[in-house]
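A.B. asks: What follows is a single structure, and I will ask about it in a moment.
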Amino acid sequence: MPALPFATGIHHVTLITRRVQDNIDFYVGFLGLHLVKRTGGFEDAEQLHLFYGNAEAEPGTLVTFLVWEDGASGRIGNGQVSEIAFSVPQNTIGEWLTRAITYRVPVEGPLHELGETVLRLKDPDGIIVKLVANGPPMPDMPTDGLAVQRLRAVTLLTETPEETAAFLGRFGYRPGAASGSLQRMLSDTDAVDVRDASGYVPGIPGTGTADHVAFRAADLAAVERAEAELSRRNASPTTLHDRKYFTSLYVREPGGTLIEFATDGPGFAIDEEPGHLGETLFVPPHDLERAEDLKVLLPQFSLPGEPRMPRRDLPFVHRFFVPETPGDETLVLLHGSGGNEAALMPLAHRVAPQATLLGVRGRAAEEGFPRWFRRLPAARFDQQDIRSEAEAFAAFVEGAMDGYRLDPEQLVFLGQSNGANFLAAIMALHPGLVRRAILLRPMLVLEEPPIVDLTGTDVMMVSGRLDIAAPSARQLESWLRACGARLTSHVIDAGHPLTDQDLPLVSDWLESQRQM
């Protein structure tokens with residue numbers, strides 16, 4: 001039997017989101033797609049990567065998201081995908097318009113674009129998602145709700161429209177209709193709209209933008225031939241990757257958009273049974289040794305209809321990790337310089353496996369990395385900034401206890417380095433707010449710490465004998481004792497970074513606290 005001709009078209013589109021729960025609610029809850037795979041990123045396993053599509057995860061139905069939780073927004077511009085479009089049955093546009101209004105999804109239309117009826121929506125990150133009424137009419141409305149069908153098109157912004165269109169010909173696209181600054185390119189299954197955006201701003205990567213669009217390759221041999229051809233023609237540098245579920249080649253088209261050329265196989269059912277796709281979190285094969293830590297680091301979410309943690313608008317970026325069998329205890333985590341709200345979660349989960357973890361991100365920044373307060377020249381610290389940030393953090397704690405119904409008797413605060421320093425300052429400036437604290441590699445940063453009443457406050461310190469901050473840690477220890485705190489202090493043979501010696505000390509202290 002002769003082989004069937006291979007259908008060209010889009011394999012998937014990958015975008016970037018800043019809030020995983022809102023993303024799930026839109027693409028699964030509103031659009032009706034299936035979550036067909038959840039993994040740690042292949043380039044960065046500490047970045048969650050979600051794949052949506054039809055129930056069979058067929059190429060051409062897939063849209064994927066890199067999760068930059070509470071990450072910086074990008075800017076859509078030249079060299080990027082600016083819009084994505086899904087097909088819907090021709091007779092459902094009215095129902096989709098009603099659904100968008102009901103769900104409070106920003107919607108424009110119906111409009112007519114290139115002879116098609118279109119609704120223009122915005123997802124929670126502001127990405128334009130079009131619903132195009134070009135699918136077969138649906139005889140009866142589905143009993144389980146509306147759902148989009150396959151990808152209809154993507155729009156590319158480019159300052160080199162003719163070169164971009166010609167480049168797309170390598171992937172089976174041919175010229176279709178044109179309108180104004182837009183040239184439609186057609187494959188066997190979908191379209192790419194090339195928009196001449198000469199003079200427009202260049203795109204900036206970040207949340208609310210697209211990372212790349214992938215086109216379908218017949219097989220691995222086709223990908224290898226494309227790599228060889230592009231290398232001979234001295235095109236944009238190419239990189240070939242085994243992504244477990246497909247093998248692909250990355251290249252930039254002349255206008256700057258990142259293009260992927262991906263095989264259909266082996267597919268998404270190689271590690272999950274059909275009908276159960278997307279139920280298990282997988283980590284890349286090269287990061288299996290970190291699998292348990294990664295499962296704690298990656299942001300959690302709930303599918304529509306599942307129980308979920310509410311989200312409160314509070315002064316600091318924060319994230320929860322809830323274990324499978326949570327106990328009563330909540331650990332509030334304050335990272336060191338350059339860390340983030342998830343940085344201490346693996347350590348905290350190891351020392352308190354049943355504790356709910358609340359990671360918080362500092363609001364100061366140094367060279368683009370989070371800190372808890374500003375650092376001044378000559379190894380000094382901004383005293384006013386410490387005080388103002390401590391006041392804001394006190395408001396955060398009160399808001400978190402009220403909004404998330406946290407029991408103050410079950411709160412333990414754990415800080416490392418800059419986070420530990422900040423915790424000590426909070427105890428001085430807002431005594432009674434922190435009743436139990438673990439300070440790892442701390443130092444005294446307040447220049448004139450007041451003597452306050454810390455009676456009933458339990459503090460554990462772990463300092464490194466080789467740490468340059470050790471002398472200041474001794475000053476902090478003396479101040480805590482002078483204020484009446486119950487202090488347990490350890491000095492270990494270590495420098496400033498944490499070591500394996502820290503974990504049992506923290507674990508034992510937590511257990512002793514539970515026995516009190």
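The values are calculated or read from the model by the stated rules, or taken from the named source; none is laboratory data. Predicted model only: the values in this text are computed from it and were never measured. With ideal geometry, Cβ positions are generated from the backbone for all residues, glycine too; neighbour counts draw on all protein chains shown. Ligands, DNA and RNA are stripped out before the accessible areas are found, and what is left, the full protein with its side chains, is counted by its heavy atoms. Shrake-Rupley method; radii C 1.70, N 1.55, O 1.52, S 1.80 Å.
A.B. asks: With 13 Å as the cut-off, how large is the P(r) tail for segment 200-258, expressed as percent of Cα-Cα pairs?
C.D. replies: In whole percent, the share of Cα-Cα pairs in segment 200-258 beyond 13 Å is 67.
A.B. asks: While we're on this one: Run the helix sum for the chain: -39,500 (n - 2.57) per DSSP H stretch of 4+ residues, divided by residue count, reported at 222 nm to the nearest 500 deg cm²/dmol.
C.D. replies: My calculation for the chain gives -6500 deg cm²/dmol from helical runs alone.
A.B. asks: Something else about it: Arranged from highest to lowest average of other beta-carbon atoms within 10 Å per residue, in what order do the peptides 202-215, 265-278 appear?
C.D. replies: The packing order, highest mean first, is 202-215, 265-278.
A.B. asks: State the percentage of accessible surface on the chain attributable to carbon and sulfur atoms; use a 1.4 Å probe and exclude ligands, DNA and RNA.
C.D. replies: On the chain, the fraction of accessible area on carbon and sulfur atoms equals 51 percent.
A.B. asks: Mind checking the per residue accessible area of segment 3-84 for me, 1.4 Å probe, whole number of Å²?
C.D. replies: 29
A.B. asks: Mind checking which lysines have their C-alpha under 26 Å from residue 244, skipping anything on the same chain fewer than 8 residues away?
C.D. replies: Leaving aside lysines fewer than 8 places away in the same chain, those within reach of residue 244 are 37, 295.
A.B. asks: With angles folded into 0 to 90 degrees, how steeply does helix 470-482 sit against the dominant principal axis of the chain? Use alpha carbons for both and round to 10.
C.D. replies: Helix 470-482 sits at roughly 60 degrees to that axis.
A.B. asks: Considering Cα pairs under 8 angstrom that are at least six residues apart, work out the relative contact order of the chain and quote it in whole percent.
C.D. replies: 12
A.B. asks: Quick one: angle between helix 383-403 and the longest Cα principal axis of the chain, in degrees between 0 and 90, rounded to 10, please.
C.D. replies: Between the helix axis and the principal axis of the chain, the angle is about 70 degrees.
A.B. asks: Working out 0.36 nm times the residue gap between residue 243 and residue 270, then minus their Cα-Cα distance, what length gain in nm do you get to one decimal?
C.D. replies: 8.5 nm
A.B. asks: If you fit an axis through the alpha-carbon atoms of helix 93-102 and take the longest principal axis of the Cα set of the chain, what angle between them do you get, 0 to 90°, nearest 10?
C.D. replies: Between the helix axis and the principal axis of the chain, the angle is about 10 degrees.
A.B. asks: If you don't mind, another one. Per residue, how many Å² of accessible area does segment 98-212 show with a 1.4 Å probe?
C.D. replies: Heavy-atom SASA per residue in segment 98-212 reads 48 Å².
A.B. asks: Using r as the Cβ-Cβ distance of residue 313 and residue 279, and R0 as 45 Å, what FRET efficiency do you calculate, to the nearest 0.05?
C.D. replies: 0.90
A.B. asks: Next up: Starting from the Cα of residue 324, step 7 Å along the direction of its Cβ; do the same at residue 380; then give the gap between the two resulting points in nm.
C.D. replies: Taking the two extended label points, one gets 5.4 nm.
A.B. asks: Of the listed values (i) 185; (ii) 200; (iii) 137, grab the one calculated as volume of the Cα convex hull per residue in Å³ from the structure here.
C.D. replies: Working out volume of the Cα convex hull per residue in Å³ from the coordinates points to (i).
A.B. asks: Same structure, new question: Please work out the average accessible area per residue across segment 299-368, using the 1.4 Å probe convention, and give it in Å².
C.D. replies: Ligands and nucleic acids excluded, the result is 46 Å² per residue.
A.B. asks: Amide H neighbours of residue 381 under 5 Å, counting only residues 5+ apart in sequence or on other chains, H built in-plane at 1.01 Å?
C.D. replies: 376
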